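S.K.: Quick one: the structure is below, and I'll ask about it shortly.
The values are calculated or read from the model by the stated rules, or taken from the named source; none is laboratory data. In this text, all values refer to a predicted model and were calculated from it rather than measured experimentally. Here Cβ is always computed from backbone atoms with ideal geometry, including for glycine, and neighbour counts include all displayed protein chains.
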Amino acid sequence: MIRRKFPAIAPLILFFLTLGITVNAQKIYWGNEVPLGWNGQWADKFLTVAEKSGYERTTSSEEVLEFLNTMKWNSECVQVINVFTSELGRVCSALVLANPRVNSPAEARRSGKPVIYLQGNIHPPETEGKEALLMVMRDILIGKSKHLLDNQIIIICPNFCVDGNDALTLQQGTPHLIGSGTNSKGFNLNRDAVKLESTDVNGLYKNVLNPWDPVLFFDAHAMDRVKYAYAICYATCNLPAASPEPRDYIWNSLFPAVRDKIRTNFGLETFTHCLSDEENWPPTIWSHDKAYWFIEGKFLANAYGLRNRMSVLVETPGHPSFERKIYAQYAYISELVAYTNHHGKEMMEICRKADEKVGNQITTNAESGRLRNFVQGKYESWGKVDVLAYEKNIPEYIPGTSAIRTRPGTADGPPQVIHGVEHMTKPVGTKTAAVPSGYLIPKSLDFIIAKLRLQNIRIDTLKTPLTVSGEEFLVDSLRHERWYGFSMTRLIGRFTPAAARTFATGTFIVNMAQPMANLAFFCLEPETPDGYAGWGLLDPFMTGLAAHGHQMIYPVFKFFEKIN
Ligand SMILES: [Zn+2]
């Protein structure tokens with residue numbers, strides 16, 4: 001999908017001027033600019049820490065809880081849920097905003113309204129999403145935006161990485177103190193969507209995503225110093241194994257509509273979450289890969305698409321002022337929830353149909369062994385676009401201080417328009433595997449079963465022996481590769497047909513005729529780069545076999561047909 005970057009307003013302005021009508025061209029704010037008084041007028045008790053400190057400080061985990069408590073005591077539209085208790089004993093709370101208030105997931109379902117989940121601070125150095133979420137929550141609960149609860153239920157978890165938020169260090173810009181990028185155990189929580197080794201993400205799945213089943217998952221981030229001129233950039237699930245309809249809807253309908261509204265109502269330019277090939281000038285590529293938004297399920301917003309649901313991840317550039325980054329997040333989130341208030345029902349319907357389609361495909365096509373899905377992918381270009389960027393973005397010390405700013409004249413004011421840049425954000429599958437009627441998993445792999453259940457995948461146990469035909473994966477070699485800080489397992493091998501195999505009572509069975517089939521496929525296929533095999537969860541089992549002189553066989557069996 002290629003969209004024009006600017007409305008063609010110049011000829012229109014000329015047209016109206018000749019008619020004697022004056023038109024105000026939309027003012028766009030660049031660099032650190034924000035409109036005066038953009039955050040409104042509030043009594044002291046409703047101000048955030050960022051506002052009270054002149055945008056020099058961010059809210060601590062305790063202060064977040066105090067703010068949520070203030071909202072609770074001043075609104076009838078709030079229910080509090082505890083997402084998890086951290087390793088260091090901090091509680092991560094989320095507010096459920098609904099009018100009338102809902103007290104449970106069952107009440108939410110009965111209301112028929114879509115649930116929208118908004119999350120901030122998974123990476124505490126990128127704290128502006130947290131601050132903006134507190135402000136959006138305030139607008140809705142005690143300000144001008146209560147109507148945004150007419151057609152939807154909004155769950156806001158502003159401070160997801162509660163321990164990292166308070167592990168403060170000094171930084172060069174604002175806020176002056178920032179948290180750590182990981183939780184107290186050193187886990188990067190936005191790499192844990194498949195492996196599920198952190199308390200934090202376990203809690204998110206168990207207490208929010210599984211019971212409340214949000215139609216949309218929103219995750220707020222920030223980047224480092226960049227050369228592009230956008231106030232905020234956006235992405236959605238890019239996994240070729242995910243149902244295309246929810247992703248296509250976000251890409252074709254939600255993204256362009258929200259983008260236009262932010263330009264009109266907030267004076268900000270936004271675009272896809274990418275970086276250019278900045279070593280070349282002018283750049284020729286605008287790519288998700290350059291921004292580390294890889295085709296991988298470890299990111300929460302990607303994995304969520306495997307559930308036939310929608311997701312949006314946004315990132316502000318890192319170098320502007322804290323106030324500017326909060327303004328950009330505030331603008332995006334405000335227009336996002338305005339959009340979902342109008343279109344949430346339509347979004348639910350798309351997701352419901354995707355659920356149905358995924359299950360039906362298995363029922364009608366999996367037995368033949370010819371149903372296939374993607375285990376790997378890459379980005380291709382949608383075509384050429386124009387990108388807004390600065391040739392230079394130079395850091396320098398603020399005179400008389402030890403703090404760093406962007407040198408005036410670089411990365412501020414109106415940017416250059418770079419024409420004809422390849423828009424490398426179209427995910428395409430590059431390798432497929434057969435989608436089975438089901439997976440059979442030995443009893444000894446019960447730790448895998450716990451992870452699958454946490455992913456909301458339905459699993460049964462054989463009550464009597466079952467004979468099936470299908471295929472198994474013979475592993476010729478198993479090797480480990482470093483990939484962006486992680487040791488990943490690569491299995492080299494091949495599938496081979498297996499006729500009439502009998503599995504004992506007690507074997508776990510994942511019947512794939514369920515809405516979560518794409519997620520089960522992603523986790524269990526041996527060739528998915530960051531499925532369970534990729535994360536090395538099955539290494540001990542396979543190397544144990546090899547130690548006894550057997551061929552390594554991937555322990556999860558794919559069956560197509562039940563024989564008896
Ligand atoms: Zn981040």
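S.K.: Under the condition of being part of a strand (DSSP E or B) and over 31 Å from the mean Cα position of the chain (by Cα), which residue from segment 526-564 is farthest from D476 (Cα to Cα)?
M.R.: So the first thing to find is which residues in segment 526-564 are part of a strand (DSSP E or B), and the list is 552-553, 557-562.
Next, from what is left, pick out any that are over 31 Å from the mean Cα position of the chain (by Cα): 552-553, 559-562.
Details: M552: 7, I553: 9, F559: 21, F560: 23, E561: 26, K562: 28 Å.
Checked segment 526-564; the qualifying residue farthest from D476 (Cα to Cα) is K562.
S.K.: Here's another thing I want to ask about it. Conditions: (1) over 22 Å from G369 (Cβ atoms); (2) modelled with pLDDT under 95; (3) exposed (fewer than 15 other Cβ atoms within 10 Å of the Cβ). T505 meets all but one. Number of the miss?
M.R.: Condition not satisfied by T505: (2).
S.K.: Could you check segment 176-196 and list, in sequence order, the residues that are under 17 Å from T127 (Cα atoms) and either within 16 Å of the ligand (Cβ to nearest atom) or outside the structural domain of L88 (by TED's automatic domain parsing) (or both)?
M.R.: Passing the criteria: I178, G179, S180, G181, T182, N183, N188, L189, N190.
S.K.: Continuing with this model, one more query. Is there a residue being in contact with a Gly (Cβ under 6 Å, 6 or more places away or on another chain), surrounded by 23 or more Cβ atoms within 10 Å (Cβ to Cβ) and touching a residue at least 24 places away in the same chain (Cβ under 8 Å) anywhere in segment 288-305?
M.R.: Yes: segment 288-305 contains one or more residues that are in contact with a Gly (Cβ under 6 Å, 6 or more places away or on another chain), surrounded by 23 or more Cβ atoms within 10 Å (Cβ to Cβ) and touching a residue at least 24 places away in the same chain (Cβ under 8 Å).
Matching residues to (1) within 19 Å of V421 (Cβ to Cβ); (2) among the β-branched types (V, I, T); (3) touching an Asp or Glu at 6+ places or on another chain (Cβ under 9 Å):
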{"site": "V208", "(1), (2), (3)": "no, yes, no"}
{"site": "P214", "(1), (2), (3)": "no, no, no"}
{"site": "V226", "(1), (2), (3)": "yes, yes, yes"}
{"site": "N252", "(1), (2), (3)": "no, no, no"}
{"site": "G267", "(1), (2), (3)": "no, no, yes"}
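S.K.: Do the conditions hold for K195, that is, is it in a loop (DSSP other than H, G, I, E, B) and buried (at least 19 other Cβ atoms within 10 Å of the Cβ)?
M.R.: yes
S.K.: Can you confirm whether N121 is over 22 Å from C161 (Cβ atoms) and modelled with pLDDT of 95 or more?
M.R.: Judged against the criteria, N121 is not a match.
S.K.: Could you check G470 against (1) closer than 18 Å to L545 by Cβ; (2) assigned to a strand (DSSP E or B) and say which number it fails?
M.R.: Result: G470 fails condition (1) only.
S.K.: Looking at T496, T528, T543, T502, which one is touching a Pro at 6+ places or on another chain (Cβ under 8 Å), in contact (Cβ under 8 Å) with a residue 12 or more places away in the chain and of a type in the set (S, T, N, Q)?
M.R.: Within the list T496, T528, T543, T502, the selection yields T502.
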